[in-house]
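Take a look at the structure below.
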Amino acid sequence: MEESGTRIVAVSNRLPIRLVHGPDGLEIKPGTGGLVTALAPVFRNRGGVWIGWSGGTDDEDVAGLMEPASREAGYRLYPVRLSADEVGDYYYGFSNEVIWPLFHDLQTRCNFKPRYWQQYLKVNRKFAEITTKHSSETDYIWVHDYHLMHMAQSLKELGTERNTGFFLHIPFPPEDIFMKLPWRAQILRALLEYELVGFQTMRDRKNFIQCLRHISSGIRISGRGPVVTVIVGDKRVRVGAFPISIDHDAFARDAKSKKVADLAWYLHEALPDQQVILGVDRLDYTKGIPERLEAFKDALSRFPELQGKITLVQVVVPSREEVSEYQMLREELYRLVGEINGKFTRSGWVPIHYLYRSLDRSELLAYYRLAEIAIITPLKDGMNLVAKEYCACNLEENGVLILSEFAGAAAQLHRGAIMVNPYDVEGMSNAIHQAFHMDQAERHNRMHRLREIVHHRDIFWWVNNFLEAAIAKDLRSFPAVEDYVPEIPLASN
Ligand code: ADQ
């Protein structure tokens, strides 16, 4: 690959922006998240490109808004326009009713409609066409997540020669679950069309390689360590584990700000003489929220000394609300919170404070800072960034992290956290009791260890690792800009 001219072309289902209906019509607002923060400096210096769906349907004309947005961002944004049918069958259908539940080991929630698969292929091809149009042979095409597993193959079908890499943000399931997928062989073969396939953990990488043995008896593995080469017939594909992370320093710095510190103090003042136990999740059945509420109820019953002394602050961010399963989960959570609060509330103490909304960054960081305990218990999760964000913001190093064994983050954080099985209600309830009584010395030892890991293995480490495996380059090849702001400042802001 030509060294001096390499641009990175990121391709993901969604562009790093949000469309909002303002008083003057449709407006573009910046997206947030670790990926944008990490990739933006690379793009601004090397003229990178980001391709993705804007979030609207094609009756909304977003193309005109992209020009000023790209100018401001310092890199190009190209929208993929999707029709309402495509959004229905490719996004809500195949991506979220087939791959999402299956890859989180919840196969009974899958809806294997053949129509979804056809639309998935069609939309992956559409992404490939737009990528072909807006990239050249010297570019590196970095494709993100389960919506676009077929894209490298679509590029080849179009005759487009590109160096391509793929990163899966969600888990890769064990073979006995993956093999339920009617299109299992097509998906595996499509993934082998990438030059590099990245997973969150070694467990995911192992599952993928085991599944490959089903489509080819003669696969060979060459190399050792987190990135190996898999040889299947005449194909050689690099396959690696790259645990994603956060911009640790930005979280720690912002958590230290006066605004966050004041807010944290103010919020905790309203809960005097209590330990706050914090849960923060997107509304999703994979996050294990009902099981966690049951565990909290069990802890209040079996360990009555906790009553009046501990408050669960559960933040749930609305997500995929158009889908009936998510509406049912929302109702179930309201019912459970009502039941527990109805049973235990007494004058001056409400056991669960339930926040069903998106928080702004200061408010989220204030909750991270003030909570004595964080409880993060997904049934399965690719990584779980909330766990890392909590540690980064725990400046006093006196918080306790209760973490599910089935979060990808467990592979890195298991030594400092209290590990739990999210299906084991009594086990989680015991963990709450243990965290509540943990002395300061043990809290400090554990949290110090956790923060070291999150500090050293941050989002820049992750981008470096992936790029080194992909194109033998790291972020130093893309010089930093003085005025870099870790958000896309868009004209319409
Ligand atoms: P998610 O399933 O979305 O991501 P997670 O990793 O926890 O899960 O990220 C959630 C993000 O939302 C966090 O960065 C958090 O700060 C933010 N957030 C949470 N609550 C919020 C609130 N109330 N207001 C505002 N923001 C809030 C998928 C995979 C994960 C994987 C990531 C990254 O499912 O397993 O870790 O991608 O690869």
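The values are calculated or read from the model by the stated rules, or taken from the named source; none is laboratory data. Note that this is a predicted model, so its numbers are computed, not measured. Here Cβ is always computed from backbone atoms with ideal geometry, including for glycine, and neighbour counts include all displayed protein chains. Areas reflect the complete protein model, heavy atoms only, side chains present, ligands, DNA and RNA absent. Shrake-Rupley method; radii C 1.70, N 1.55, O 1.52, S 1.80 Å.
Each other residue within a Cβ distance under 12 Å of residue 356 adds +1 if Lys or Arg and -1 if Asp or Glu, for a net charge of 0. By accessible area, using a 1.4 Å probe on protein heavy atoms only, the range 248-456 has 51% of its surface on carbon and sulfur.
When both the range 306-321 and the range 227-260 are represented by their alpha-carbon centers, they are found 28 Å apart.
How far is helix 34-46 tilted, in degrees, relative to the longest principal axis of the Cα atoms in the chain, given as a value from 0 to 90 rounded to the nearest 10? So the inclination is approximately 40 degrees. Solvent exposure of the range 248-456, expressed per residue, is 41 Å² of accessible area, with all protein chains present and a 1.4 angstrom probe.
Within straight-line reach of residue 473, meaning a Cα separation under 18 Å, sit the following aspartates and glutamates at least 8 residues removed in sequence or on another chain: 2, 3, 137, 139, 195, 458. About the centre of its Cα atoms, the chain shows a dipole size close to 1100 debye [charges on the beta carbon of Lys, Arg (+1) and Asp, Glu (-1) only; nearest 20 debye]. Largest to smallest in accessible area, the residues 443, 451, 203, 224 fall in the order 224, 203, 451, 443 (1.4 Å probe, all protein chains included). Taking each of 133/156; 287/388; 256/287; 126/235; 113/206 in turn, the alpha-carbon distance tops 21 angstrom for 256/287; 126/235; 113/206.
The separation of the range 37-76 from the range 347-392, counted between C-alpha centres, amounts to 31 Å. In terms of its C-alpha gyration tensor, the range 248-456 has a rounded overall shape, because the principal axis ratio a/c (a ≥ b ≥ c, square roots of the eigenvalues) stays below 1.5.
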